[in-house]
Amino acid sequence: MTLSVRFVASEQEIDDGLWAACFPPPLEGRWWYHALEQAGLEDQFAFFYALVEDQGRAVGIAPAFLMDMDIALVLPEAVLPLFRLAGRVWPSALYQRTLFVGSPCSDEGTVGLLPGVDRRAALMVLQRAFEAECRRRRAAMLVWKDMPQAAAADMAWLAGRARLFAAVSFPGAEADLPGPGKADFYAAMKGSRRYSLNRKLKRSRQLADLRAEVVRHPDPALLEQIFALFWQTFERATTRFEILTPAFFQALAAQPESQFMLLRQAGDDRLVAFMLCFVQGDHIINKFIGLDYACPRDWSLYFRLWDEVVDWASGLGVRVIQSGQTSYRAKVDMGHRLVPLTNYCRHVNPLIHWVYAKVAASIGWASLDEDLATYLKSYAAEDLVKPLS
């Protein structure tokens with residue numbers, strides 16, 4: 001094996017050409033990691049990057065970050081009492097320093113490699129390097145975060161050789177746009193969902209006269225309004241992996257990939273909803289939303305926002321809208337299908353590792369999210385899960 005790993009502290013220490021080759025659209029590329037580094041998140045995350053090298057030539061990038069994670073974020077409620085009890089003996093069982101391979105807020109974990117690089121050899125050399133980095137940084141847990149189905153065979157190979165256990169993660173959500181117009185998207189939806197969505201949209205239009213616009217590089221005053229709506233939505237979230245800042249939104253707003261879909265009241269032009277979208281070739285990544293919860297519930301702001309995004313995206317020739325994790329009830333109702341993701345983990349303490357592995361084997365979508373539990377009782381899996389292309 002001629003591969004080795006070298007760690008660097010910033011995206012700026014990596015060549016532009018390597019970023020472009022290893023993280024092409026629709027993946028979040030260098031611009032995304034630049035924004036993360038400018039976001040003032042140092043109290044939550046320490047970002048760094050593993051460079052895979054072949055005889056000194058960089059051939060791959062594996063972004064990573066370190067955080068002190070509350071294990072309650074990923075454990076079902078049913079087993080939390082057991083872990084709280086264990087935490088009295090081993091504090092790290094509940095709140096532990098974790099090294100993640102991947103990125104906060106990204107739809108899925110990615111190890112970017114140049115064509116021709118042996119992926120399994122690269123994964124193994126990365127695993128060894130990350131294990132050493134865990135020891136150096138005193139991290140109790142190593143997690144390959146939110147790995148997609150396309151990587152499942154290689155990750156299973158690595159897991160068998162590196163003593164990793166697999167843990168089901170919150171799935172992503174994607175909506176396919178089958179044709180050049182919004183009507184084609186709605187025509188392809190399941191009839192009952194199309195009827196329900198159209199009823200919500202019709203009722204909303206009767207009650208609220210809203211105007212949509214797409215804005216790039218919003219000025220500071222508008223960005224302040226956008227962040228205020230985001231914060232309203234964030235405070236109502238039941239799962240919080242990170243706490244984002246106005247500086248993060250400022251950094252993202254400066255990127256050419258970022259476009260904000262805005263909804264305003266037609267009368268006074270008041271901003272009532274937004275969605276931040278990254279346009280990546282024929283994909284759009286729907287990353288963050290914000291809603292004004294002072295508006296009546298019957299305005300169905302989320303659904304009105306989605307309707308405008310589908311109309312806009314169809315006009316751009318977009319084929320897929322990626323909408324990330326959580327808020328599954330609304331996303332399924334809006335025509336999304338779920339994308340399985342898996343975490344691959346290793347704890348430095350063999351006993352805790354064994355306990356985590358046993359718990360992970362019992363975790364599924366139904367135990368992670370109440371909305372998913374409801375849908376899994378009502379629908380066949382093939383109706384909810386997007387096939388692997």
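Answer yes or no: is there a residue in segment 178-186 that is among the charged types (D, E, K, R), modelled with pLDDT under 95 and not assigned by TED's automatic domain parsing to the domain that holds Tyr375. Before you say what the answer is, go through the steps one by one.
Step one: list which residues in segment 178-186 are among the charged types (D, E, K, R), which gives 182, 184.
From the residues that got through so far, the ones that are modelled with pLDDT under 95 too are 182, 184.
Imposing the further condition that a residue be not assigned by TED's automatic domain parsing to the domain that holds Tyr375 reduces the set to 182, 184.
Yes, the conditions are met somewhere in segment 178-186.
Mind listing whichever residues of segment 258-288 are touching a residue at least 60 places away in the same chain (Cβ under 8 Å) and under 17 Å from the mean Cα position of the chain (by Cα)?
Phe278, Gln280, His283, Ile285, Lys287
Under the condition of being aromatic (Phe, Trp, Tyr) and assigned to a strand (DSSP E or B), which residue from segment 45-69 is surrounded by the most Cβ atoms within 10 Å (Cβ to Cβ)?
Start the filter on segment 45-69 by keeping residues that are aromatic (Phe, Trp, Tyr), which leaves 45, 47-49, 65.
Still in the running and assigned to a strand (DSSP E or B): 47-49, 65.
On the way: Phe47: 19, Phe48: 19, Tyr49: 18, Phe65: 22.
Ranking the candidates gives Phe65 first.
What is the one condition in (1) surrounded by fewer than 17 Cβ atoms within 10 Å (Cβ to Cβ); (2) in the same structural domain as Gly29 (by TED's automatic domain parsing); (3) under 22 Å from the mean Cα position of the chain (by Cα) that Trp365 does not satisfy?
(1)
Among residues belonging to segment 168-180 that are among the small types (Gly, Ala, Ser) and crowded, with 18+ Cβ neighbours inside 10 Å, point out the one that is nearest to Ala360 (Cα to Cα).
As a first pass, look at segment 168-180 and keep what is among the small types (Gly, Ala, Ser): 169, 172-173, 175, 179.
From what's left, crowded, with 18+ Cβ neighbours inside 10 Å: 169, 172-173, 175.
Numbers: Ser169: 10, Gly172: 19, Ala173: 22, Ala175: 28 Å.
By that ranking, first place goes to Ser169.
Within segment 255-299, which strands (runs of 3 or more DSSP E) (wholly inside it) include 2 or more residues that are touching a strand residue (DSSP E or B) at 6+ places or on another chain (Cβ under 9 Å) and among the polar types (S, T, N, Q)?
Result: 258-265.
Can you pull out the residues in segment 145-186 that are of a type outside the set (Gly, Ala, Ser) and more than 30 Å from Gly335 (Cβ to Cβ)?
Of all residues in segment 145-186, those of a type outside the set (Gly, Ala, Ser) come to 145-149, 154-155, 157-158, 161, 163-165, 168, 170-171, 174, 176-178, 180, 182, 184-186.
Across segment 145-186, the qualifying residues are Asp154, Trp157, Leu158, Arg161, Arg163, Leu164, Phe165.
Which ones in segment 202-216 are surrounded by fewer than 16 Cβ atoms within 10 Å (Cβ to Cβ), more than 18 Å from Ala254 (Cα to Cα) and not acidic (Asp, Glu)?
Correct list: Lys202, Arg203, Arg205, Gln206, Leu207, Arg211.
So, in segment 32-44, of the ones that are surrounded by fewer than 19 Cβ atoms within 10 Å (Cβ to Cβ) and assigned to a loop (DSSP other than H, G, I, E, B), which residue ends up nearest to the chain's Cα centre (by Cα)? Give the steps one after another, and end with the answer.
Let us first name the residues in segment 32-44 that are surrounded by fewer than 19 Cβ atoms within 10 Å (Cβ to Cβ), namely 34, 37-38, 40, 42-44.
With the extra rule that they be assigned to a loop (DSSP other than H, G, I, E, B), the set shrinks to 38, 40, 42-44.
Numbers: Gln38: 19, Gly40: 19, Glu42: 19, Asp43: 20, Gln44: 17 Å.
It comes out as Gln44.
Any idea which of Ala72, Ala121 is at pLDDT 95 or above, part of a helix (DSSP H, G or I) and surrounded by fewer than 20 Cβ atoms within 10 Å (Cβ to Cβ)?
Details: Ala72 fails: at pLDDT 95 or above.
Among Ala72, Ala121, only Ala121 is at pLDDT 95 or above, part of a helix (DSSP H, G or I) and surrounded by fewer than 20 Cβ atoms within 10 Å (Cβ to Cβ).
Restricted to segment 217-231, and to residues that are within 10 Å of Ile289 (Cα to Cα) and touching a strand residue (DSSP E or B) at 6+ places or on another chain (Cβ under 7 Å), which residue is surrounded by the fewest Cβ atoms within 10 Å (Cβ to Cβ)? First the steps, then the outcome.
Step one: list which residues in segment 217-231 are within 10 Å of Ile289 (Cα to Cα), which gives 226-227, 229-231.
This time we only want the ones that are touching a strand residue (DSSP E or B) at 6+ places or on another chain (Cβ under 7 Å), so: 226, 229-230.
Details: Ile226: 23, Leu229: 22, Phe230: 20.
Across segment 217-231, the extreme among qualifying residues is Phe230.
Among the residues of segment 1-31, write down those that are under 21 Å from the mean Cα position of the chain (by Cα), closer than 26 Å to Asp118 by Cα and not in a loop (DSSP other than H, G, I, E, B).
Residues satisfying the conditions are Glu11, Trp19, Ala20, Cys22, Arg30.
Pick out, from segment 300-389, the helices (runs of 4 or more DSSP H) lying fully within it that include 1 or more residues that are acidic (Asp, Glu) and modelled with pLDDT under 90.
Numbers: elements: 301-316, 328-333, 350-362, 365-368, 370-378, 381-384.
Helices (runs of 4 or more DSSP H) meeting the threshold: 328-333, 370-378, 381-384.
The values are calculated or read from the model by the stated rules, or taken from the named source; none is laboratory data. Only a predicted model underlies this, so the values are computations on that prediction, with no experimental measurement involved. Backbone-built Cβ (ideal geometry, glycine too); neighbour counts: all protein chains shown.
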